[in-house]
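*Asks:* So that we are looking at the same thing, I have put the structure below in structure tokens.
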Amino acid sequence: MRKISPLVKGGVVTGAAFAAAIGLAISPASAAGTWTVTGGGSFTGTSTNTVLKDTVTGTTLTCKTSTATGSAANTTGASGTGIGSIATVSWSSCSGPLGITFTVTADGLPWALNAVSYSGGVTTGTLTGVKAHISGLGCTATFAGATSTTAATLNVSYTNSTHDLKVLGTGNLHAYNVSGTCLGLINTGDATTYSGDYGLSPATLAITSP
């Protein structure tokens, strides 16, 4: 059996069914239900490099710190779907263009972590169920998936050696219900990305698959 380990490290945020929603091909290992989790339990992930970006306007929102809590239960012969979950996510000291400060709130929790494939000590997968909301100085916006009422899916990877869960900045996140001073910087319907490296603690989680 191949080993994978903890999942998370980085800072802004800020997924539906892990692989299918974003076009990732599910590996034979995932489809066959051959994933094993050891050293599981509750974990905390901290990031200091999160970035939310509107890919149409180029506007970015960054946060100094983002903290996520979650868990992954010990299991053998499991499907990669829902192999872990994110129960809470918070962001602090978030700012955007012109020095505008924002409050970021996660919605739709818990979010699901799904393993899709494994190679060279790195597991790739998705984070599903993702929704979020920002507000600040008359600017508000929500973030979801293909529509304003469907959750987004974000691509992630997990590196065993560093216990780093990386949100890769790809997926199907979009902005909706944009109002106030956000207009022009972020617009309703714009495709957006979210990235960040979350370092997991304790560094005990291991995920394996043939």
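The values are calculated or read from the model by the stated rules, or taken from the named source; none is laboratory data. It should be emphasised that the depicted structure is a prediction, and the values quoted were computed from it without experimental measurement. Every residue, glycine as well, gets a Cβ built from its backbone with ideal geometry; the counts of neighbours run over all protein chains shown.
*Asks:* Can you tell me which residue among Val13, Val89 is at pLDDT below 90 and either surrounded by 18 or more Cβ atoms within 10 Å (Cβ to Cβ) or touching a helix residue (DSSP H, G or I) at 6+ places or on another chain (Cβ under 8 Å) (or both)?
*Replies:* Val13
*Asks:* Which of the numbered conditions does Thr81 fail, given that it passes all the others? Conditions: (1) hydroxyl-bearing (Ser, Thr, Tyr); (2) under 26 Å from Ala175 (Cβ atoms); (3) out of contact with any Pro (no Cβ under 7 Å at 6 or more places or on another chain); (4) modelled with pLDDT of 95 or more.
*Replies:* (2)
*Asks:* Would you mind finding the one in Thr60, Thr46, Thr69, Thr38 that is at pLDDT below 95, of a type outside the set (A, V, I, L, M, F, W, C) and touching a strand residue (DSSP E or B) at 6+ places or on another chain (Cβ under 8 Å)?
*Replies:* Sole residue among the options that is at pLDDT below 95, of a type outside the set (A, V, I, L, M, F, W, C) and touching a strand residue (DSSP E or B) at 6+ places or on another chain (Cβ under 8 Å): Thr38.
*Asks:* Considering Ser148, Ser161, which residue is more than 16 Å from Ile86 (Cβ to Cβ), of a type in the set (S, T, N, Q), surrounded by fewer than 19 Cβ atoms within 10 Å (Cβ to Cβ) and modelled with pLDDT under 95?
*Replies:* So the residue among Ser148, Ser161 that is more than 16 Å from Ile86 (Cβ to Cβ), of a type in the set (S, T, N, Q), surrounded by fewer than 19 Cβ atoms within 10 Å (Cβ to Cβ) and modelled with pLDDT under 95 is Ser161.
*Asks:* Would you list the strands (runs of 3 or more DSSP E) that sit entirely within segment 94-210 and hold 1 or more residues that are farther than 21 Å from Lys53 by Cβ, of a type in the set (Gly, Ala, Ser) and out of contact with any Lys or Arg (no Cβ under 9 Å at 6 or more places or on another chain)?
*Replies:* Details: elements: 101-107, 111-119, 122-136, 139-144, 152-159, 164-171, 174-179, 192-201, 206-209.
Where strands (runs of 3 or more DSSP E) fall fully within segment 94-210 and carry at least 1 residues being farther than 21 Å from Lys53 by Cβ, of a type in the set (Gly, Ala, Ser) and out of contact with any Lys or Arg (no Cβ under 9 Å at 6 or more places or on another chain), they are 111-119, 122-136, 192-201.
*Asks:* Can you report the number of residues in segment 177-210 which are more than 30 Å from Thr76 (Cβ to Cβ), crowded, with 18+ Cβ neighbours inside 10 Å and of a type outside the set (A, V, I, L, M, F, W, C)?
*Replies:* 6
*Asks:* Given Ala132, Ala146, which one is out of contact with any His (no Cβ under 8 Å at 6 or more places or on another chain) and hydrophobic (A, V, I, L, M, F, W, C)?
*Replies:* It is Ala132.
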